[in-house]
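To start, the structure under review is shown below, and the notes come after it.
Nothing in this text is a laboratory measurement; each read-out follows from the coordinates by a stated rule. For clarity, every value in this text was computed on a predicted model and none was experimentally measured. Every residue, glycine as well, gets a Cβ built from its backbone with ideal geometry; the counts of neighbours run over all protein chains shown.
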Amino acid sequence: MKPGMESKSRFAVILAGGKGERFWPLSRQKQPKQLLSLFGKRSFLQETVDRVLPVVPKENVLVITNADQENAVRKQLPELPRANIIGEPCGRDTCAAVMLGAAVAGARCATGIIAFLPADHVIPEQRKFQRVLADCYAVAERGRVIVTIGIIPTEAATGYGYIRVGAPLPAPPGTKRLGTLFYKAERFVEKPNAEQAAQYVASGEYRWNAGMFVFSFVTITEALSMHQPEMAEVCRRWFDAAGTSKLSKILQQDYPSIRKTSIDYAVMERAQNVVVAAGDFAWDDVGSWNALYRHFPSDNSGNCVRGDVVQLDAARNLVFDFRKEQRGVIAILGVRDSVIVCTDDAVLVADKNQTQRIKELVARLGQSENHRRFL
């Protein structure tokens, strides 16, 4: 293979189809978490693209979003070709998004190696991530394996799925040993309770499932044919239409009837050729308001605040003021373990231990005609 050819056959598909529920009221259907800028001037999505560009050429970075967010994504990523941003007609979970990304990338390069990466993660150690990602591409290029990045756990977290791994895999004969360790995936497990999570971490045999995958176009289409034949047939139709004006119409026809399922359940948990790369970089999927405690400083009482906040006898609260108009002081008195978030048109007040139920709250808003405008 000529120098530089490796990168030309490497694609990155950014999965950016979130609904904007977990960070309500700041996130909305047309401005979900991945389009927010919580830690600086760049959004989660923009930072995700920034991270992959040293490894993948710009013309090979694709973004799968949904139709409602397509214009906002284009506005945030003007450097990407227009054809590289694809809107799903409706949400059908990650399996459909992976199929679509694979079809478009495969139509451009049938021997391509494709990484699928969520758009809303925080990865401060970019160079470590890029090294691991480059090694994942190299392994996927060597044979028909599905590579997933398993994050080395730093705590007994109950909000993540886990992957049990076997012994480290040796480098194939005649190949260069890579800097990243790889393991055979033994078992995928759902989000555990606290006791199970503690056992997983103590054993040293488990990794957090970060939802990052790398495989060749040939490998994923073979896996779909074996484990999800109906979806494989749909993927073939999209492959045939990719790069033509027919694709949009075909997606409109196909998407409503596609079974809603994750790529983990549809393929990963069933396949026998999954290997796990040791993700030894700092990582956080920032899954709820509570996660911001890990990224912003707190005062002596454990209050994490953004904005003009005055507190008296209040402790362990997260108070964020995102108002742009008529912004004034927020005063809290005697409040404990709460999340308070203000925007120009809504205020959230929640028990810190209930923030995982914000999706239920958003669903309740959707049931009221008077409140749907806040979604």
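Across the stretch 127-244, the volume of the C-alpha convex hull divided among the residues equals 148 Å³ per residue. Near the amide H of VAL286, within less than 5 Å, lie the amide hydrogens of VAL122, all on another chain or at least 5 residues away, with H placed in the peptide plane.
Return the calculated 222 nm mean residue ellipticity for the chain, to the nearest 500 deg cm²/dmol, obtained by summing -39500 (n - 2.57) across DSSP H runs with n ≥ 4 and dividing by the residue count. Walk me through the numbers before you get to the answer.
Numbers: 10 runs with 105 residues, N = 375.
Computed ellipticity for the chain at 222 nm equals -8500 deg cm²/dmol.
Size descriptors for the chain, from the alpha-carbon set: Rg then Dmax equal 21.5, 67 Å. Remark: CYS109, CYS304, CYS235, CYS136 ranked as CYS109, CYS304, CYS235, CYS136, counting other beta-carbon atoms within 10 Å and listing the fewest first.
Using 0.36 nm per residue of separation minus the Cα-Cα distance, give me the extension gain between LYS58 and LYS75 in nm, one decimal. Walk me through the intermediate numbers first.
Numbers: separation 17, 0.36 × 17 = 6.12 nm, distance 1.61 nm.
Contour length minus the Cα-Cα distance gives 4.5 nm.
With contacts taken as Cα pairs under 8 Å and at least 6 residues apart, the chain reaches a relative contact order of 19 percent.
Using Stokes-Einstein with the Kirkwood hydrodynamic radius over Cα pairs, what translational diffusion coefficient do you get for the stretch 290-374 at 25 °C and a viscosity of 0.890 mPa s, in µm²/s rounded to a whole number? Please list the in-between numbers first.
Values: Rh = 13.8 Å.
Answer, rounded: 178 µm²/s.
Sort 287-300, 31-44 by packing, meaning the average of other beta carbons within 10 Å per residue, with the highest value first. Write down the numbers at each step before the final one.
Details: 287-300: 14.6, 31-44: 18.6.
In descending order of packing, they fall as 31-44, 287-300.
Here's how it looks for GLU88: its modeled amide H is under 5 Å from those of THR65, ASN66, ALA67, which are all 5 or more places away or on a different chain.
Can you tell me, using C-alpha contacts under 8 Å and at least 6 residues apart, the relative contact order of the stretch 290-374 as a whole percent?
It comes to 21 percent, rounded to a whole number.
Percent of Cα pairs in the stretch 218-358 per distance bin of 5 Å, from zero to the largest separation: 2, 7, 13, 12, 10, 7, 8, 9, 11, 10, 6, 4, 0. Placing a pseudo-label 7 Å from each Cα along the Cα-to-Cβ vector at ARG327 and ARG357 gives an inter-label distance of 3.2 nm. Taking amide hydrogens as placed 1.01 Å from N in the peptide plane, the amide H of ALA119 sits under 5 Å from those of LEU15, each at least 5 positions away in sequence or on another chain.
When the chain is treated as a GNM, springs tying every alpha-carbon pair under 10 Å, which of GLU88, GLU47, GLU360 comes out with the largest mean-square fluctuation? Per the Cα network of the chain with a 10 Å cutoff, GLU360 tops the list.
When +1 charges are put on Lys and Arg Cβ atoms and -1 charges on Asp and Glu Cβ atoms, the dipole computed for the chain relative to its Cα centre reaches about 820 debye.
For the cross-link pairs LYS30/LYS75; LYS30/LYS359; LYS191/LYS359; LYS33/LYS359, which exceed 20 Å when the distance is taken from alpha carbon to alpha carbon?
Numbers: LYS30/LYS75 13 Å; LYS30/LYS359 16 Å; LYS191/LYS359 18 Å; LYS33/LYS359 13 Å.
Too far apart for the 20 Å limit: no listed pair.
In the chain, the longest principal axis of the Cα atoms and the axis of helix 194-203 are about 50 degrees apart.
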